[in-house]
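Asks: Below is one structure. I have some questions about it.
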Amino acid sequence: MKSMTGYGAAEGKAKGKVVRAQLSSVNSKRGLDLNISLPRSLEDQETFVREIIKAQVTRARVNVGLTVQDEGTPK
């Protein structure tokens, strides 16, 4: 994919945790501009997330947000 505009969100549950992911992007003529927001407990995974996106998108402004909460905790 060379560029994209879109929005997506997903939620999953595992081992008593709720994981929510949001991704939005807009076309860009300047190449790839990534803004990744991870919880402190996953900050060491930013490079991994960045490489996954870079393998699929070459030209866009992409915002990625990920949250992890204990199941039963209000949003």
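Asks: Could you order Leu38, Leu23 so the one with the most accessible surface comes first? Probe is 1.4 Å.
Replies: Values: Leu38 35, Leu23 60 Å².
Per-residue accessible area, sorted high to low, gives Leu23, Leu38.
Asks: Where does helix 46-56 land angle-wise versus the long Cα axis of the chain, in degrees 0 to 90, nearest 10?
Replies: Relative to the chain, helix 46-56 is tipped by roughly 50 degrees.
Asks: In whole Hz, with x marking every Gly and Pro, tabulate ³J(HN,Hα) for the range 19-26 from phi via Karplus 6.51 cos²θ - 1.76 cosθ + 1.60, θ = phi - 60°.
Replies: Once θ is set to phi - 60°, the couplings for the range 19-26 become 10, 10, 10, 10, 9, 9, 8, 9 Hz.
Asks: Need one number for the chain: average projected area of the convex hull over its C-alpha atoms, nm².
Replies: 5.3
Asks: Ordering Lys15, Lys54 from largest to smallest accessible area (1.4 angstrom probe), what's the sequence?
Replies: Sorted by accessible area, descending: Lys15, Lys54.
The values are calculated or read from the model by the stated rules, or taken from the named source; none is laboratory data. Since this is a predicted model, take the numbers as computed values, not measurements. These accessible areas exclude ligands, DNA and RNA; they are computed on the full protein's heavy atoms, side chains included. Shrake-Rupley method; radii C 1.70, N 1.55, O 1.52, S 1.80 Å.
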